[in-house]
Amino acid sequence: MIHHASTATNIAAPLGNEAKPGHGFLSLQGLSKRYSEFVAVDAVDLDVNQGEFVSLLGPSGCGKTTTLRMIAGLVQASGGRIVVAGRDLTAIPPFRRDMGLVFQSYALFPHMSVAGNIAFGLEMRGLSRSEISNRVTEAIALVRLEGRENRRPSELSGGQQQRVALARALVIRPSILLLDEPLSNLDAKLRDEMRTEIRDIQRRLGTTAIFVTHDQDEALTMSDRVVVMNHGRIEQTGTPEDLYERPRTPFVASFVGRTNRFSGTALGRSVKLGDTLVHSATEANGPADVMIRPHRITISTGSAAASGGQNTLSGIVRRMTYAGNLLQYDVLAGDLTFQVEEATLGSGRALAPGTTVTLSWSAQDTLVFEAKP
Amino acid sequence: MTASATHAALPEAPKLDGRALIVMLLLPITAVNLIGFILPVVNLAMISFMEVRSTGAMTGNWSFAKWQLVVTDPFYWELLWNSVRTSLTITLLTLLVSYPVALYLHRSSGMWRSILLVMVISPLLLSAVVRTYGWIAILSDRGLINNGLMALGFDGPLRLMFNLTGVVIGLTEILMPYMILALLAGFGKLDSRVEEAAATLGASPFRVFWRVVLPLSLPGIALGSLLTFVLAVSSFITPKLLGGGRVFLLATEVYDQAIVTLDWPLAATLSIIVLVVFGVALTIYSRVLKSLG
Amino acid sequence: MEEKPVSPVLKVLAAFGFLFLLAPVLIVVPLSFSNDVFMSFPPSGYSLRWYIAIGANAKLLDAFLFSVKLASLVTVVNILIAVPASYALIRKAPFGADAIMSLLTAPLLLPTIVLGLALLIVMARAGYLATPQGIFLAHLVVTLPYALRVIATALSTLPIAVEEAAATLGASPLSVFFRITLPMLMPGIVAAAALSFLVSFDEVVLSLFMNGPKVTTLPVELYHHVESRADPLVAAASVLLVVFTLAVVIIVDRSLGLAKTFVK
């Protein structure tokens, strides 16, 4: 499991016009966006299958939104190709791309009713009035907004506006549904509801969807696959489980999920962290970043003997935080502070600060990344 | 639900190169600007260097005669000095009358503030002719003030118009809205908490005003004064009507030379001097603003 | 916010300021109902004779009609020119857009007396002095910067995502403009139209330079009247003007309010 960050997934793609056959329904080939002084998106390669729900996840400024806007045609690519169903769309203007885009701000037409908003894309396609009316009714039912057809967007709640935006993007039966942080303006409870709802609708219609978010929970819970981006590049592409359990770069390991992060020196299958020697399951040498997920560490009051492939450290609880479903501990072991998470199993189990404890985790759970030279 | 069915229905748009489109959209406004602004102004500057026959017709030759005349004839120096002095007086008076109004507006709130604000702005929507006419009704020999004074037993009318006094009074009022709005914009930075802080430190209301309110409103005062001065120098409707042909200022002279005497080169020369005064005022303003930080 | 007590000194000074500011407008109202032949205030008696006199004054009525027609035409042309220009400068943001904007609004900085003279000279040479075309161009030059400013500002505050949404839904740039941008821009256009109309309608200085026997606006006619005679006729005309201006403002305010609730 040793990887240099730079060798993650994107083997430098040829930037020329050499047409690689797209494997996916949507295929991004060496897609780049350069502004005068900075590279927003750097040779991104991605294949998305039909009906798949793929998230672009990363911190702000990582290029995920720019990538999405290039797919929609709202930003002109400076290099590479966008291919959908074998058709090169790179030079096609947005209004002929046939994509449905849901904006973070919803971007509803303020001067049109709910029905008018949803009908707009159909009118642009010159559909007959009865066809439009049927499909609008269908779309309104899909997002459960019956009875609000004639309201103006300003008369709707945030969640309802969100549904209108979704219906408006879906009613044109887009080849791909693009979602740009659609949930970030909603409150927490509504956000959870909409996650499920969006995913249900997408599954039911079989629409291919690209979902941009900076929220790892959203990405992990909603997606078939997640693309983690950083500095305009893809760090790793994989299923939520892949990313969480088998991060290939320190960035992915620390961005997706909580983690204990240490710097140390790798010596084969063990790593020296200060005075502490920790076992790992992978071969590495030299300076290295070491990460251990807090919930993979077992905390106990007994002094368990070290078994093969197992790490055991003795420490003292410094702080305990009760977080409902979790107990979170800060444990000082030698000169290292570990965060440890334990599921709350009934009351009375919490360990008070000052308690001497034993931490243990398996060697496989020590993630080691050789530091970049 | 595949896309293929809808692809064909999307309209084909006429292709227009981005740059060509921009040029097309900007063409009409540029034409108006060029024909109605740049060309006339450039022409005006050139005209001031044209030779004129005694009949008033231009010969088409270049000449510095008008500039020479303006620079050497004391009449024009006096005209310039008159204009500047009068405009400065008007600016000062406008500031004195407007400041309390603006401060009061700044401290008022809600509906009352909106009403007062409308009262300040609405005169701007009225022609200067109408407002000047109102002043004639107040200042003339049989106007409000003189009739009032006579009713109180004073003899003979006070000469309040057809002289500089009338012009100054009328222009002060006419330029007030600009000053008030500039002051209000300047008061934006004036936080009432700063005043309260000064008051809690034991400063009397007068000291709070002198040490806190006034210094903080200096940028607004500077902007309002610039606006008022510049507008005073270039206005001529009010000076013509309230001055009754007895008040000579740069702007009235430009108009008289252009319309009555038909000496366009002289009018052009004088109007360029108006612009020079503008430039000097603007320079002083930016210096003042810089020194205020 | 807590109401701050205002010192009585400030109240008195502010009241004086307001009185001074509104005096010339307020005095015109009673004066317009004067029964005197000459201007005198307070009037010795009251009547409607000066309002009736306006009705009989063909010159004034013609000038009023000309002013309305001129201001209307100026307004329409302003909008037709300013909307495309704003679109080009704000949405297309060509290189040097700010500089172009400054140049196009520069006529506002020039004193009208200088601009009036400059226009007088070129118009006279081109043979357009004292023609409707000449006065129209002069009004266009001074009102266009207002219209451009107002519309460009309104356009720059419109969320561009809404237009992008329309594009992704299949609307061509032309459809986006007419179906989305233009309706959302309506409040700005109405405001620009109102401003253009009122500025043109009240404009005196340029009109004085450009006018002629058959081409004269209401403010110019009033100016000449005040210059030559002191009677309450202008007071009656002023009251009607105030009412007219107020009507324009109210209509605009209503339709602006309407447009705003429409778009919100």
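The values are calculated or read from the model by the stated rules, or taken from the named source; none is laboratory data. Keep in mind that what you see is a predicted model, and the values were worked out from it rather than measured. Quick reminder, even Gly has a Cβ in these numbers, built from the backbone with ideal geometry, and neighbours come from all protein chains shown.
So which residues in segment C:20-62 are away from every other protein chain (no Cβ under 12 Å) and surrounded by 19 or more Cβ atoms within 10 Å (Cβ to Cβ), if there are any at all? Before the answer, list the steps.
So the first thing to find is which residues in segment C:20-62 are away from every other protein chain (no Cβ under 12 Å), and the list is C:33, C:35, C:45-62.
Of everything in segment C:20-62, those that are away from every other protein chain (no Cβ under 12 Å) and surrounded by 19 or more Cβ atoms within 10 Å (Cβ to Cβ) turn out to be C:W50, C:L60.
Give segment B:251-264 a look and list any residue that's over 11 Å from B:I47 (Cα atoms) and either within 24 Å of the chain's Cα centre (by Cα) or buried (at least 21 other Cβ atoms within 10 Å of the Cβ) (or both), or say none.
Of everything in segment B:251-264, those that are over 11 Å from B:I47 (Cα atoms) and either within 24 Å of the chain's Cα centre (by Cα) or buried (at least 21 other Cβ atoms within 10 Å of the Cβ) (or both) turn out to be B:A251, B:T252, B:E253, B:V254, B:Y255, B:D256, B:Q257, B:A258, B:I259.
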All but one of (1) hydrophobic (A, V, I, L, M, F, W, C); (2) under 19 Å from C:L31 (Cα atoms); (3) crowded, with 22+ Cβ neighbours inside 10 Å hold for C:L218; which doesn't? (2)
Check every one of the helices (runs of 4 or more DSSP H) wholly within segment B:37-108 and list those with 3 or more residues that are over 21 Å from the mean Cα position of the chain (by Cα) and over 23 Å from B:D256 (Cα atoms). B:74-107
State all residues of segment A:96-119 that are within 8 Å of chain C (Cβ to nearest Cβ), surrounded by 24 or more Cβ atoms within 10 Å (Cβ to Cβ) and not in a loop (DSSP other than H, G, I, E, B); if no residue qualifies, say none. A:M99, A:G100, A:L101
Meets criteria (away from chain C (no Cβ under 14 Å) and modelled with pLDDT under 95) for A:E146: yes
Among (1) more than 10 Å from every other protein chain (Cβ to nearest Cβ); (2) surrounded by fewer than 24 Cβ atoms within 10 Å (Cβ to Cβ); (3) over 25 Å from C:T157 (Cβ atoms), where does A:T65 come up short? (3)
What are the residues in segment C:91-108 that are touching a Phe, Trp or Tyr at 6+ places or on another chain (Cβ under 9 Å), aliphatic (A, V, I, L, M) and more than 9 Å from chain B (Cβ to nearest Cβ), if any? C:L108
Here is a list of conditions, (1) of a type outside the set (S, T, N, Q); (2) in contact with a Gly (Cβ under 6 Å, 6 or more places away or on another chain); (3) within 18 Å of A:E181 (Cβ to Cβ), and A:V256 meets all of them except one; can you say which number that is? (2)
Selected residue (criterion: modelled with the highest pLDDT) from residues of segment A:219-257 that are of a type in the set (D, E, K, R) and crowded, with 23+ Cβ neighbours inside 10 Å: A:E235
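A quick yes/no check of all residues on (1) modelled with pLDDT under 80; (2) within 30 Å of C:F136 (Cβ to Cβ); (3) of a type in the set (D, E); (4) touching a Gly at 6+ places or on another chain (Cβ under 8 Å):
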residue: B:L21; (1), (2), (3), (4): no, yes, no, no
residue: B:M24; (1), (2), (3), (4): no, yes, no, no
residue: B:V42; (1), (2), (3), (4): no, yes, no, no
residue: B:N61; (1), (2), (3), (4): yes, no, no, no
residue: B:N82; (1), (2), (3), (4): no, no, no, no
residue: B:I90; (1), (2), (3), (4): no, no, no, no
residue: B:I115; (1), (2), (3), (4): no, no, no, no
Look at segment A:319-369 and say how many of its residues are buried (at least 19 other Cβ atoms within 10 Å of the Cβ), among the aromatic types (F, W, Y) and more than 23 Å from A:L243 (Cα to Cα). 1
Name the pairs whose Cβ atoms lie under 6 Å apart, with the first residue in segment C:109-130 and more than 8 Å from chain B (Cβ to nearest Cβ), the second surrounded by fewer than 19 Cβ atoms within 10 Å (Cβ to Cβ) and modelled with pLDDT under 90, and 6 or more positions between them or separate chains? C:A130/C:G212
Please state which one of B:A197, B:A182, B:A267 is surrounded by fewer than 20 Cβ atoms within 10 Å (Cβ to Cβ), of a type in the set (G, A, S) and touching a helix residue (DSSP H, G or I) at 6+ places or on another chain (Cβ under 9 Å). B:A197
Taking the condition of being crowded, with 18+ Cβ neighbours inside 10 Å and either among the polar types (S, T, N, Q) or closer than 14 Å to C:K69 by Cα (or both), how many residues in segment C:122-136 meet it? 2
If you check B:M46 against the conditions, is it loosely packed, with under 14 Cβ neighbours inside 10 Å, more than 30 Å from C:V242 (Cα to Cα) and at pLDDT 90 or above? no
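Residues checked against (1) within 20 Å of the chain's Cα centre (by Cα); (2) in a strand (DSSP E or B); (3) modelled with pLDDT under 95:
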residue	(1), (2), (3)
A:S36	no, no, yes
A:A43	yes, yes, yes
A:G51	yes, no, yes
A:S55	yes, yes, no
A:P59	yes, no, yes
A:C62	yes, no, yes
A:T67	yes, no, no
A:V75	no, no, yes
A:T90	no, no, yes
Suppose we keep only residues that are more than 9 Å from chain B (Cβ to nearest Cβ) and surrounded by fewer than 19 Cβ atoms within 10 Å (Cβ to Cβ) within segment C:71-90. Which one would you say is nearest to C:L155 (Cα to Cα)? C:I79
So which pairs qualify, if the first residue must be in segment A:222-236 and at positive phi and touching a residue at least 60 places away in the same chain (Cβ under 8 Å), the second must be of a type in the set (V, I, T) and in a strand (DSSP E or B), the Cβ gap must be under 9 Å, and the two must be at least 6 apart or on different chains? A:H231/A:V39; A:G232/A:V39; A:G232/A:V41; A:G232/A:V44
